[in-house]
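Student: Structure in structure tokens, see below.
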Amino acid sequence: MCGIVAYIGPKDASPFLLEGLQRLEYRGYDSAGVAVVAPATKGSPARLRICRTKGRVADLAAALPARFKGGTGIGHTRWATHGVPSDANAHPHTDNEGRIAVVHNGIIENAEELRAKLTADGAVFRSETDTEVLAHLIAAHRAQGGELEDAVRAALGLVIGTYGIAVLDAEQADRIVVARNGSPIVLGIGEKEMFAASDVSALVRYTRQVVHLEDGELATVRADGFRTFTEDARTVTRQPSTVDWEVGSYDTGGYAHYLLKEIHEQPGAVERTLSGRLDERFATAHLGGLNLDARELREIRRVKILGCGSAYYAGEMGAQLIEELARIPAHSEPASEFRYRNPVIEADTLYVAVSQSGETYDTLAAVQEVKRKGGRVLGVVNTVGSAIARACDGGIYLHAGPEVSVASTKAFTSTVVAFALLALHFGRVHDLSPADGRRIVAALKALPGQIREVLDQQDAVAELAAEYADSQGMMFIGRVRGYPVAREGAQKLKEISYVHAEAYPASELKHGPLALISPELPTVALVPDDELLDKNLTALGEIKAREGRVLAVAHRPIESRLADHCLVVPKSEPELDPLLLNIPLQLLAYHAAVALGRDVDKPRNLAKSVTVE
Ligand code: F6R
């Protein structure tokens, strides 16, 4: 949520800043801005030049003056929290003299209080943002002498909240100061030039050598290197690591949208999630990062899964898998609710945090709540080294590759696969038989090929999507294993197409939602070929009797008196069927959004990685 970039070196900063912001735009896209230090000329000292605008990075690029030169610069793309999207609220923010410029991700909780004090001392505020407080605070400390990094440290000492920041000072243009507390900052090491960003995706075209700051750390970044230190000025040594994701992972690769590319990347993503983790000899899964031995696993009596949005729905599928394969009670709950309800933390419960980004603030706060009360948390996370991954006691990395489109698809699928591995491992430590273990191993191995088969039906799904897209809304129904699929299907449709969508357990229809059924409100029904098939067919009959239109996703064609259309997906083992049933729903949402002319990768009001409360 929001993106930060920074450059210092011999070249002009702006081309990197603009390209970096474009790569980070998926994290926030209501306004954007850049600041550079224009070098001193005869008779005039170095000064800040700032350009910012409401709108997209393309609008910023169009607004940028032709001679916007300077080798030290910072940039930001915003997802509004404090104040509407506007030119004035766009970052960077400055002090009265326009000497200090700050870009910021996160939230300053005591901004109002600080704003009142600073105003009394003469600061003139020109935006509604919490960030502007930082610019004035840093300027006030700089005015007392000392270096920029000392002023930033002193200012941050007064701040309550979360931040990733980058700071420029027109009078110390040989450096940029960055700091992290709850919002990522990563440094990129170049040849006599240095970069910084809130996400490696902005850096990979320029360098693979990166340094992740830890919470509570700052860095002074100069063209020839960097120094990392703590809030109490202790120097810390950080070794660079090498980013192994390909530059191409961040391009659309010839697809019309990132979302379509990511949907089609799912077979490969699943292969990577499974890679090296299936143990055919013992019909189990090998999960090196759990940090739990068989004895400790046997002592677990319950599993509580925590995540937000699609991660929560993937957790619901995970809970189902764990209950079925390991026969341990398992339940998924929105992390955003859990953290606020003073949850009871039990020693024999295993907590599992799910997050693609590894940055979602509510999920991180839930992990911290569990840990504070002495609980044990595993992470099911895509982004290596992310805040949630680091906060957990162990876990499973998805290795799904970077997910750029705001709506989650391949990470969702890989998360469910990771849960299948966890459930298999748990199950084999408990009472899952070797024969059942082999059954699941074989089904997992078949998944990538089966996902390809579903993706081959893209044209048929696109046709149906165009037909259903102009509905006044859509109902999604599924029963037991199918219910989380319905919830995720409804979520995907509403977030990218803005078509209203509701998910219900098929069993609940006649307890209320049946009243909504009419020709104007079609139903997407998950109808797997399992022990509940007859019950699901009965529900379809009830909908058709009320003149509802039905699009079924099933394992074999459904007769036309029960469904107007049917998408047939390959059959897996019943426990894994939800995974494959979900894939056509992703395509349906995508093609509905395209048919309606939506901004598929950047849906309105949303952003990737929700790093605020
Ligand atoms: C939906 C979607 C969101 C995220 C949620 C959690 O398509 O992308 O609902 O799933 O914001 O994000 P992560 O997984 O990064 O914690």
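Student: Please specify each residue of the range 200-221 satisfying the condition of being in contact with a helix residue (DSSP H, G or I) (Cβ under 8 Å, 6 or more places away or on another chain), modelled with pLDDT under 95, of a type in the set (A, V, I, L, M, F, W, C) and not in a loop (DSSP other than H, G, I, E, B).
Tutor: Ala202
Student: Another question about this same structure. Which ones in the range 295-322 are part of a loop (DSSP other than H, G, I, E, B) and among the aliphatic types (A, V, I, L, M)?
Tutor: Residue satisfying the conditions is Ile300 alone.
Student: On to the next question. Failed condition for Tyr340, given (1) among the hydroxyl-bearing types (Ser, Thr, Tyr); (2) more than 16 Å from the ligand (Cβ to nearest atom); (3) buried (at least 18 other Cβ atoms within 10 Å of the Cβ), with all others met?
Tutor: (3)
Student: A follow-up question, please. Assess whether Glu346 counts as being assigned to a helix (DSSP H, G or I) and more than 16 Å from the ligand (Cβ to nearest atom).
Tutor: Answer is no for this residue.
Student: Give the residues of the range 295-323 that are more than 16 Å from the ligand (Cβ to nearest atom), open to solvent by 10 Å² or more (accessible area, probe 1.4 Å) and more than 13 Å from Val416 (Cβ to Cβ), sorted by residue number.
Tutor: Arg295, Glu296, Arg298, Glu299, Ile300, Arg301, Arg302, Lys304, Glu323
Student: Select from the range 36-72 the residues that are part of a loop (DSSP other than H, G, I, E, B) and among the hydrophobic types (A, V, I, L, M, F, W, C) and write down the one among them that is farthest from the chain's Cα centre (by Cα).
Tutor: So the residue we want is Ala40.
Student: Just give me the residues in the range 6-35 being open to solvent by 20 Å² or more (accessible area, probe 1.4 Å) and either touching a helix residue (DSSP H, G or I) at 6+ places or on another chain (Cβ under 6 Å) or assigned to a strand (DSSP E or B) (or both), in sequence order.
Tutor: Leu18, Gln22, Arg23
Student: Out of Pro434, Pro402, which single residue is within 16 Å of the ligand (Cβ to nearest atom) and in contact (Cβ under 8 Å) with a residue 40 or more places away in the chain?
Tutor: Pro402
Student: Of these, Ala387, Ala391, which one is of a type in the set (Gly, Ala, Ser), within 12 Å of the ligand (Cβ to nearest atom) and farther than 30 Å from Ala593 by Cα?
Tutor: After ruling out the rest, the residue left standing is Ala387.
Student: All but one of (1) surrounded by 22 or more Cβ atoms within 10 Å (Cβ to Cβ); (2) under 19 Å from Phe16 (Cα atoms); (3) out of contact with any Phe, Trp or Tyr (no Cβ under 9 Å at 6 or more places or on another chain) hold for Ile74; which doesn't?
Tutor: (3)
Student: Residues that are closer than 21 Å to Ser386 by Cβ and open to solvent by less than 20 Å² (accessible area, probe 1.4 Å): does the range 233-240 have at least one?
Tutor: no
Student: Continuing with the same structure: How many of the residues in the range 258-294 are outside any loop (DSSP other than H, G, I, E, B) and either within 12 Å of Thr409 (Cα to Cα) or of a type outside the set (A, V, I, L, M, F, W, C) (or both)? Full working, then the answer.
Tutor: Filtering the range 258-294 down to residues outside any loop (DSSP other than H, G, I, E, B) leaves 258-264, 266-274, 278-279, 284-285, 288-290, 294.
Right, trim to either within 12 Å of Thr409 (Cα to Cα) or of a type outside the set (A, V, I, L, M, F, W, C) (or both) and you get 258-264, 266-273, 279, 284, 288-289.
So the count comes out to 19.
Student: A further question on this structure: Test each condition in (1) part of a loop (DSSP other than H, G, I, E, B); (2) crowded, with 22+ Cβ neighbours inside 10 Å; (3) modelled with pLDDT of 95 or more for Leu551 and report the one that comes out false.
Tutor: Result: Leu551 fails condition (1) only.
Yes/no per residue for (1) at pLDDT 95 or above; (2) in contact with a Leu (Cβ under 8 Å, 6 or more places away or on another chain); (3) surrounded by fewer than 24 Cβ atoms within 10 Å (Cβ to Cβ):
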residue: Leu158; (1), (2), (3): yes, yes, yes
residue: Thr162; (1), (2), (3): no, no, yes
residue: Asp169; (1), (2), (3): yes, yes, no
residue: Ser183; (1), (2), (3): no, no, no
residue: Ile189; (1), (2), (3): yes, no, yes
residue: Ser198; (1), (2), (3): no, yes, no
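A quick yes/no check of all residues on (1) touching a residue at least 12 places away in the same chain (Cβ under 8 Å); (2) under 30 Å from the mean Cα position of the chain (by Cα); (3) within 16 Å of the ligand (Cβ to nearest atom):
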site: Ser507; (1), (2), (3): yes, no, no
site: Pro528; (1), (2), (3): yes, yes, no
site: Leu532; (1), (2), (3): yes, no, no
site: Ala545; (1), (2), (3): no, no, no
site: Asp577; (1), (2), (3): yes, yes, no
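Student: So, in the range 351-404, exactly how many residues are open to solvent by 30 Å² or more (accessible area, probe 1.4 Å) and in a loop (DSSP other than H, G, I, E, B)?
Tutor: 7
Student: Of the residues that sit in the range 603-613 and are within 12 Å of the ligand (Cβ to nearest atom) and under 18 Å from His500 (Cα atoms), which one is nearest to the chain's Cα centre (by Cα)?
Tutor: Among those residues, the one meeting the criterion is Leu606.
Student: Return the residues of the range 147-189 that are within 19 Å of Glu109 (Cβ to Cβ) and in a strand (DSSP E or B); say none if nothing qualifies.
Tutor: Across the range 147-189, the qualifying residues are Gly161, Tyr163, Gly164, Ile165, Ala179, Arg180, Asn181, Gly182.
Student: Can I ask one more? Looking at the range 585-599, can you tell me whether even one residue there is part of a loop (DSSP other than H, G, I, E, B), under 26 Å from Tyr313 (Cα atoms) and more than 29 Å from the chain's Cα centre (by Cα)?
Tutor: no
Matching residues to (1) modelled with pLDDT of 95 or more; (2) among the polar types (S, T, N, Q); (3) open to solvent by 40 Å² or more (accessible area, probe 1.4 Å):
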position: Leu447; (1), (2), (3): yes, no, no
position: Gln458; (1), (2), (3): yes, yes, no
position: Val480; (1), (2), (3): yes, no, yes
position: Ile496; (1), (2), (3): yes, no, no
position: Glu502; (1), (2), (3): yes, no, yes
position: Pro519; (1), (2), (3): no, no, yes
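Student: Something else about it: Would you check if His91 is part of a loop (DSSP other than H, G, I, E, B), under 27 Å from Thr611 (Cβ atoms) and not charged (D, E, K, R)?
Tutor: yes
Student: Related question: So if I check each of Phe412, Phe426, which one is touching a residue at least 12 places away in the same chain (Cβ under 8 Å), touching a Ser or Thr at 6+ places or on another chain (Cβ under 6 Å) and aromatic (Phe, Trp, Tyr)? Even if it seems obvious, please write down each step before you answer.
Tutor: On the way: Phe426 fails: touching a Ser or Thr at 6+ places or on another chain (Cβ under 6 Å).
When all the criteria are applied, what remains is Phe412.
Student: Output the qualifying pairs, or none if there are none: Cβ atoms under 6 angstrom, residues six or more apart or on different chains, first residue in the range 308-326 and under 22 Å from Leu297 (Cα atoms), second residue more than 12 Å from the ligand (Cβ to nearest atom) and among the polar types (S, T, N, Q).
Tutor: Gly315/Ser332; Glu316/Ser332; Ala319/Ser332
The values are calculated or read from the model by the stated rules, or taken from the named source; none is laboratory data. If you're wondering where the values come from, they're calculated on a predicted model, not measured in any experiment. Cβ coordinates were reconstructed from backbone atoms using ideal geometry, including for glycine residues, and neighbour counts include every protein chain displayed. Heads up: the accessible areas ignore ligands, DNA and RNA and are worked out on the full protein's heavy atoms, side chains in. Shrake-Rupley method; radii C 1.70, N 1.55, O 1.52, S 1.80 Å.
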